[in-house]
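Working notes, structure below.
The values are calculated or read from the model by the stated rules, or taken from the named source; none is laboratory data. Just so it is clear, the structure is predicted and the values come from calculations on it, not from any experiment. Counting neighbours? That spans all protein chains shown, and the Cβs are built from the backbone with ideal geometry, glycine included. Heavy atoms of the whole protein, side chains included, go into the accessibility calculation; ligands, DNA and RNA do not. Shrake-Rupley method; radii C 1.70, N 1.55, O 1.52, S 1.80 Å.
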Amino acid sequence: MDRAAIVALDKRFVWHPYTPMRPWLASAAPLVIASAAGSRITDADGRSYLDGNSSWWVAPLGHRHPRLVKVLHEQAERLCHVAFAGITHEPGARLAEELVAVAPPGLERVFYSDDGSTAVEVALKMALQLFHDRGEARRRFVALDGAFHGDTVAATGLGGVAVFRKPFAGLGVECRHVPLPDGEAGVGAAVAALEAALDDSVAALVLEPLLQGAAGMRCYPASYLQAARRACDARGALLIFDEVFTGYGRCGTMWACEQAAVSPDILCVAKGFCGGILPMAATLTTAAVFEAFLGDGPDGRPRALYHGHTFCGHPLGAAIAREVLAVFRDERILERAQPKMARIRSAIDALAPLPGVRAARSIGMVGALDLAGGGYLGEAGWRVYQRALERGAYLRPLGDTVYLAPPLNIDDDDLDTLLSIFSDCVRSEAG
Ligand SMILES: *Cc1c(COP(=O)(O)O)cnc(C)c1O
């Protein structure tokens, strides 16, 4: 099917995520992607673009890593799906063991679901049911300003971006938002605000450790996580880390929370989990959280977590997720990404002084710049996006925040090209 025919069908029938549809329908030439491999996506006219955002953050190993595709085929020949309630299988059991082996210390149980939102939803329901069953009236959550934890109803309720949350207000969970620490100097004030919010109505604090992705690639110091751990322990609340974006090496270590030497009670992982091949996610817990579900419920029957998805632990996803961990090990992905991270950092540092750059930061395989002042609905980022597309790079912005989050294993030559396109396009907007 040619490009025009695809676009015509799309415009007639499809409704796109996070997309104002009127301008989409009016746009002359939406991007039509026909194939992808490694760090490149290729459109229906055969033009290729360096993928500066790792396929909406899900592809730390690039597109269609050959080992992942091979395992997908092999597993598809044996078992694609079977219920995971009352049944188990080798990929699901072995993946759980392998995840626990690489997880932050103390996380020992794995509950599978479908994507980042459901991984968070599961964490919230675990926390709520745990306190409910204990007879404690802890029903609230605390999250950071600007937070994004997914788009299901409860996860939307944790969201700190008013435009995303407002149409759905009143549904779902009750959440207090606390300020992000403003650099190391702001940690004291942010911790004081957090302690004030963590009263005995709070079930859990939910955070993206070190880096808030969708909030605009905002970083904060590791010392805040250590203080958050102490505050949760002191007040009897659980600590939930959402590493849906920050995990799988994005921040330079397998998990961002490693850099603070802090483990949560519950960890949510998705995105990089299946290397961008299939949607699958997991929620990991400590033994203490798991054991709270081992007793008898108020009705005298054995407790269960009353939650599960049809595709929980599906064998195809589990087989690929195991192979993702194996590729990280065998190809020494984290170690080999370190010099690439340093190059991203120096490219960002070189752009920081430009008059139109309001703030600059980098961590691990992420570099970000705030341009102009329009925030999420700003347009400067989209002008950079357009220019970069013409030069052969895909750099979807977060409003006026432009950023790079390429695959961890991007070739050095491709990274060079990506950084020079990024730098040139930022200079023409902000120079
Ligand atoms: C993307 C994201 C989610 C939601 O994941 P989906 O797979 O889109 O449901 C949750 N938390 C964070 C931090 C994310 O970046």
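Place a +1 charge on the Cβ of each Lys and Arg in the chain and a -1 charge on the Cβ of each Asp and Glu, then give the dipole magnitude about the Cα centre in debye, rounded to the nearest 20.
Dipole of the chain, to the nearest 20 debye: 580 debye.
Compare the peptides 246-252, 2-8 by average per-residue count of other Cβ atoms within 10 angstrom and give them in order, highest first.
In descending order of packing, they fall as 246-252, 2-8.
Relative contact order for the range 164-229: what is it in percent, counting Cα pairs under 8 Å that are at least 6 residues apart?
32 percent
With the chain treated as a Gaussian network of Cα nodes joined by springs under 10 Å, which of Gly116, Gly92, Gly297 yields the largest mean-square fluctuation?
Fluctuation is largest for Gly297.
Given contacts defined as C-alpha pairs under 8 Å and at least six residues apart, what's the relative contact order of the chain, whole-number percent?
20 percent
Restricting to Cα pairs below 8 Å that are 6+ residues apart, what does the relative contact order work out to for the range 100-240? Please round to a whole percent.
With pairs under 8 Å counted, the relative contact order is 23 percent.
Place the peptides 151-164, 34-47, 266-279 in order of packing, highest mean first, counting for every residue the other Cβ atoms within 10 Å and averaging per peptide.
In decreasing order of mean packing, 151-164, 34-47, 266-279 become 266-279, 151-164, 34-47.
Once amide H atoms are built 1.01 Å from N in the peptide plane, which residues 5 or more positions from Trp255, or in another chain, come under 5 Å H to H?
Gly249
For the range 126-210, what does the alpha-carbon gyration tensor say about shape, rounded, prolate or oblate, given a ≥ b ≥ c as the root eigenvalues, a/c under 1.5 as rounded, and a/b over b/c as prolate?
oblate
Between Asp299 and Ala85, what is the FRET efficiency for a Förster distance of 22 Å, r being their Cβ-Cβ separation, to the nearest 0.05? Numbers along the way, then the final one.
On the way: r = 20 Å, r/R0 = 0.89.
Computed FRET efficiency for Asp299 and Ala85 comes out at 0.65.
Each label point is 7 Å from the Cα along the Cα-to-Cβ direction; what then is the distance between the points at His307 and Asp133, in nm?
Each label point lies 7 Å from its Cα, and together they span 1.2 nm.
Would you mind classifying the range 207-291 by shape? Square roots of the alpha carbon gyration tensor eigenvalues, ordered a ≥ b ≥ c; an a/c under 1.5 is rounded, otherwise it is prolate if a/b is larger than b/c and oblate if not.
Cα axes put the range 207-291 in the oblate bin.
Add +1 for every Lys or Arg and -1 for every Asp or Glu among the other residues with Cβ under 15 Å from the Cβ of Gly392, and state the total.
Numbers: positive: Arg40, Arg47, Arg387, Arg391, Arg396; negative: Asp43, Asp45, Asp51, Glu390, Asp411, Asp413, Asp414, Asp416, Asp424.
Spelling it out: positives minus negatives among the neighbours equals -4.
On a 29 Å Cα-Cα criterion, which of the cross-link pairs Lys70/Lys271; Lys11/Lys340; Lys125/Lys166 come out too long?
Beyond 29 Å between Cα atoms: Lys11/Lys340.
Rounded to the nearest percent, how much of the accessible area of the chain (1.4 Å probe, protein heavy atoms only) is carbon and sulfur?
Carbon-and-sulfur percentage of accessible area, whole number: 55.
Taking R0 as 51 Å, what FRET efficiency do you get between Arg94 and Ala28 from their Cβ-Cβ distance, rounded to the nearest 0.05?
Efficiency for this residue pair is about 0.55.
With both partners inside the chain, how many of the DSSP beta bridges are antiparallel, as a percent to the nearest 5? Display every interim value, and only then the final one.
Working: 32 of 50 bridges.
Looking only at bridges with both residues in the chain, the antiparallel portion is about 65 percent.
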